[in-house]
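Asker: Starting off with a structure, shown below.
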Amino acid sequence: MATSQRNLSSYDAGTVPDARHMKFGLVVSDWNSEITHAMCNSAIGTLISHGANNDNIVVKHVPGSFELALGAKWLGESDEFDAVLCIGCVIQGETRHFEFICQGIAQGIMQLNLTFGIPVIFGVLTTNTIEQARDRSGGRYGNKGDEAAITAIKMIALKKEIE
Ligand code: DLZ
């Protein structure tokens, strides 16, 4: 879980590359949609604020976070995107299989990173309570969607630099 030591929306804008020509696919889990839709909107705002074109941002919804990896795989296979952002929120109090879901998502997303060679971003909140999730989706600790957006831009730029 993101800690209270760090605001997820704080970053040095001077270190963020221009996203003008970058293409982004977002997969958004509709479970805990109050949280995930706020994360998605904030991620899109951050991408655009760094130059991304609205036409180069595609959003697809999946029912729950467990489906994020498959949704991201389908987007990755389309070859249309420079990065895929997975946006979800798993709350421990709501699921007794919290660890299984979180591990499944994390491993699925990691596999996709190594398979596709494009960044597939882990924009998933894993919290104990809905309050902690609210704090990190536009509340006092910022918004995890912003962190995901900045990570995607930086990783795309790194890939281009290395190539
Ligand atoms: C079933 C379930 C539960 C109990 N809790 C969450 C949650 O907190 N966050 C989330 O994104 N999804 C949850 N799900 C749904 C699973 O991710 C998945 O959609 C279902 O198990 C069907 O595969």
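Asker: Taking each full run of DSSP H in the chain as one helix, which ones are at least 15 Å long along their axis (Cα atoms) and have mean Kyte-Doolittle hydropathy of at least -0.5?
Answerer: Details: long enough: 33-49 (23 Å, 0.64); 98-116 (27 Å, 0.88); 144-162 (27 Å, 0.19).
Taking the DSSP H segments of the chain (at least 15 Å long, mean hydropathy at least -0.5), we get 33-49, 98-116, 144-162.
Asker: Choose one answer from H21, H61, H37: the residue with the largest mean-square fluctuation in a GNM of the chain with alpha-carbon springs under 10 Å.
Answerer: Maximum fluctuation in the GNM of the chain, among the listed residues, is at H21.
Asker: Which listed residue (S49, G64, G14) has the Cα farthest towards the positive end of the charge dipole for region 1-88, taking +1 on Lys and Arg C-beta and -1 on Asp and Glu C-beta about the Cα centre?
Answerer: Value: G14.
Asker: Tell me which trypsin sites (Lys or Arg not before Pro) from region 113-163 have a DSSP coil assignment and no more than 15 other beta carbons within 10 Å of their own. Walk me through the intermediate numbers first.
Answerer: Values: sites: R134, R136, R140, K144, K154, K159, K160; in loops: R136, R140.
Passing sites in region 113-163 are R140.
Asker: Averaged per residue, what accessible area in Å² does region 32-162 show with a 1.4 Å probe, protein chains only? Don't skip to the end; give the middle numbers.
Answerer: On the way: 6360 Å² over 131 residues.
Heavy-atom SASA per residue in region 32-162 reads 49 Å².
Asker: Keeping all protein chains in position, work out how much accessible area D135 exposes to a 1.4 Å probe, and write it in Å² to the nearest 10.
Answerer: Solvent-accessible area, nearest 10 Å²: 30 Å².
Asker: In addition: Label region 69-153 by shape, choosing from rounded, prolate and oblate, from the square roots a ≥ b ≥ c of the eigenvalues of the Cα gyration tensor; if a/c is under 1.5 it is rounded, and otherwise prolate applies when a/b is larger than b/c, oblate when it is not. Walk me through the intermediate numbers first.
Answerer: Numbers: a/c = 2.98, a/b = 1.46, b/c = 2.05.
It is oblate, given that a/c is not under 1.5 and a/b is not larger than b/c.
Asker: Oh, and also: Within region 1-89, which GluC sites (Glu not before Pro) sit in a loop by DSSP and count at most 15 neighbouring Cβ atoms inside 10 Å?
Answerer: On the way: sites: E34, E67, E77, E80; in loops: E80.
Passing both the DSSP loop test and the Cβ count: E80.
Asker: Right, here's the next one. Given the rule -39500 (n - 2.57) for each run of at least 4 DSSP H residues, summed and divided by the residues of the chain, what is its mean residue ellipticity at 222 nm, to the nearest 500 deg cm²/dmol? Numbers along the way, then the final one.
Answerer: Working: 5 runs with 71 residues, N = 163.
It comes out at -14000 deg cm²/dmol, rounded to the nearest 500.
Asker: Another one. Please get the size of the charge dipole for the chain, origin at its Cα centre, with Cβ charges of +1 on Lys and Arg and -1 on Asp and Glu, quoted in debye to the nearest 20. Can you show the working numbers first?
Answerer: Details: 13 positive and 18 negative charges, 46 e Å.
Using only the charged Cβ atoms, the result is roughly 220 debye.
Asker: What is the chain by shape, rounded, prolate or oblate, if you read a ≥ b ≥ c off the alpha carbon gyration tensor as root eigenvalues and call it rounded for a/c under 1.5, prolate for a/b larger than b/c, and oblate otherwise? Before the final figure, lay out each step's value.
Answerer: Values: a/c = 1.78, a/b = 1.27, b/c = 1.41.
Cα axes put the chain in the oblate bin.
The values are calculated or read from the model by the stated rules, or taken from the named source; none is laboratory data. Computed from a predicted structure; not experimentally measured. Backbone-built Cβ (ideal geometry, glycine too); neighbour counts: all protein chains shown. Just so you know, the surface numbers come from the protein's heavy atoms only, side chains and all, with ligands and any DNA or RNA stripped out. Shrake-Rupley method; radii C 1.70, N 1.55, O 1.52, S 1.80 Å.
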